[in-house]
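Enquirer: Quick one: structure below, then a few questions.
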Amino acid sequence: MQLIFVHGWSVTNTNTYGGLPEALAKAGGTEMDLDIRHIYLGRYISFHDQVTLDDIARAMDRALRDLPGNGDTHIEPFSCITHSTGGPVLRFWVDKYYGPDAQQGLNDLPLKHLVMLAPANHGSALAKLGKARVGRIKAWFSGVEPGQRVLDWLCLGSEGQWQLNERALAYDYAAHGFYPFVLIGQGIDKALYDFLNNYLVEPGSDGVVRVSGANMNYRYLSLTQSRDQVIRKQPRTLALNPDGDVRASKPVPLGVYNGYSHSGKKMGIMASIAGDDDQAPVVQDILACFRVESAADYLRRAAELELLTDSQQAGTDRFCMFVFNICDDQGEQIGEGDYDLYLLAGNNYQPQKLPKGFFKDSQMNSQSGRLVYYLDANRMEEIRDGKFGLRVVARPTDGFSYYCPAEFRSEGMAAAGILKPNQTTYVNIILHRFVDEAVFRFDPATAARTNFKRIKPSGRTLG
């Protein structure tokens, strides 16, 4: 089999792959015809500000076609192992060249197995820190400042992540003979600890990427505000109603390990593997993924990795992420500083009814205006009566153009269908923008001329 490796961002040396290529060749050489001569180590430029994910995907496509046996019109079947943001690189390439808008579809995809090690599929909390600070974090960038466009994509709640993951909801991978997997650690290498940065020791992560931020099993919920369904009189609050069922991605096997962290020679899920370490857990699990040849095999492998994950996470809290996008029914994005969002629980849907210790972190993406919450999923399972809700207060709240507070209540929809351990849920919230009739009126030409500088809202809004 032909195997390629794709590294993460701002790597400047192919020694980043450690001894994993040699260990895999040793462990699977005879059974899988996996010879070191059939393994190719990718290297790409990501530490220049102008380089985008699209640029990298285009260059990777050309590099693939330049490999032996491939050409302008044909790419031989291959498998791939990625690390960190290499996962989104491959997913972006798949979507660009074999997605819904491409000339070819998933049936034509030459990529058979994609094993993503600690992929930043839903971003990394560290990216918010900025180029200079992130570049100093040895656990991720080894002293090399990342390119700005790349870092923008990695920030939690970025537009690039939202687009890629929303599009991928429609993909049925196994039905097309394509088998992606996610393997990630949740161990912390204290040698890489930064006492000024709690994200490096964040529970539910490998020190860089959260398990919920890597997992390819995720959800999407769209809510639209009613114009007249009042659920609170003071302040006048209108209902947020689901636009349909919660959408879930097709299942992708996830394996979690306590003994691996994001990087580093001691615990790194890739860098810690020596060339003769063919019995390392991650080596054996990668080979087991490569043995998958059918949808039935894929389901069995998913069950095996689920058992692994359950055993590794036994007795520990599990976490989930929410990514909130707030816009109005006229297409206006409501961004940072223009709204507040509250989580609710209990029969009366109040913030104070939420379980103690459930909230771990929040980040606002200043470019997209999206808000990301990181929650303790185990604690959220303690929600009283299983009732979960959201309240959005967008500004302005009065005047000629304004928004009414909006509230979603999970009645009729199981909270467990929205809150999933180890997963990310994307929530798109569409508010109604109220416009007062007084914004534009006509006067008869026969009437006296009127100064309307001090006119006030009429209280009547457009239909």
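The values are calculated or read from the model by the stated rules, or taken from the named source; none is laboratory data. Just so it is clear, the structure is predicted and the values come from calculations on it, not from any experiment. For neighbour counting, all protein chains shown are included, and Cβ atoms are generated from backbone atoms with ideal geometry for every residue, glycine included.
Enquirer: Residues in the range 8-26: is at least one touching a Leu at 6+ places or on another chain (Cβ under 9 Å), under 23 Å from H262 (Cα atoms), among the charged types (D, E, K, R) and surrounded by 14 or more Cβ atoms within 10 Å (Cβ to Cβ)?
Expert: No, the range 8-26 contains no residue that is touching a Leu at 6+ places or on another chain (Cβ under 9 Å), under 23 Å from H262 (Cα atoms), among the charged types (D, E, K, R) and surrounded by 14 or more Cβ atoms within 10 Å (Cβ to Cβ).
Enquirer: Just for the range 86-105: of the residues that are among the aliphatic types (A, V, I, L, M) and modelled with pLDDT of 95 or more, which one is surrounded by the most Cβ atoms within 10 Å (Cβ to Cβ)?
Expert: V89
Enquirer: Output the qualifying pairs, or none if there are none: Cβ atoms under 6 angstrom, residues six or more apart or on different chains, first residue in the range 368-391 and closer than 21 Å to P242 by Cα, second residue part of a strand (DSSP E or B) and among the β-branched types (V, I, T).
Expert: R370/V323; V372/V323
Enquirer: Further, regarding this structure: Is there a residue being among the hydrophobic types (A, V, I, L, M, F, W, C), modelled with pLDDT of 95 or more and within 27 Å of the chain's Cα centre (by Cα) anywhere in the range 440-450?
Expert: no
Enquirer: Between a first residue in the range 89-106 that is under 17 Å from W153 (Cα atoms) and a second residue that is outside any loop (DSSP other than H, G, I, E, B) and among the basic types (K, R), which pairs have beta carbons less than 9 Å apart while being 6 or more apart in sequence or on different chains?
Expert: Going by the 9 Å Cβ cut-off, the qualifying pairs are W93/R58; D95/R167; K96/R58.
Enquirer: Further, regarding this structure: Of everything in the range 71-85, what is modelled with pLDDT of 95 or more and surrounded by 15 or more Cβ atoms within 10 Å (Cβ to Cβ)? Give them in sequence order.
Expert: Across the range 71-85, the qualifying residues are I75, F78, S79, C80, I81, T82, H83.
Enquirer: Follow-up. If I ask for residues that are surrounded by fewer than 17 Cβ atoms within 10 Å (Cβ to Cβ) and either of a type in the set (K, R) or outside the structural domain of D329 (by TED's automatic domain parsing) (or both), which ones from the range 354-406 would you list?
Expert: Answer for the range 354-406, where residues must be surrounded by fewer than 17 Cβ atoms within 10 Å (Cβ to Cβ) and either of a type in the set (K, R) or outside the structural domain of D329 (by TED's automatic domain parsing) (or both): K356, R384, R395.
Enquirer: Moving on to the next point. List the residue pairs whose Cβ atoms are under 7 Å apart, where the first residue sits in the range 329-341 and is farther than 19 Å from D243 by Cα, the second is assigned to a loop (DSSP other than H, G, I, E, B), and the two are 6 or more positions apart or on different chains.
Expert: Going by the 7 Å Cβ cut-off, the qualifying pairs are I334/G369; G335/G369; E336/S366; E336/G369; D338/R395; Y339/R395.
The rows are residues; the columns are (1) charged (D, E, K, R); (2) not in a loop (DSSP other than H, G, I, E, B).
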residue	(1), (2)
K356	yes, no
S366	no, no
L375	no, yes
P444	no, no
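Enquirer: Still on this structure, please answer the following. Of the conditions (1) among the aliphatic types (A, V, I, L, M); (2) surrounded by fewer than 22 Cβ atoms within 10 Å (Cβ to Cβ); (3) within 23 Å of I184 (Cα to Cα), L67 clears all except one; give me its number.
Expert: (3)
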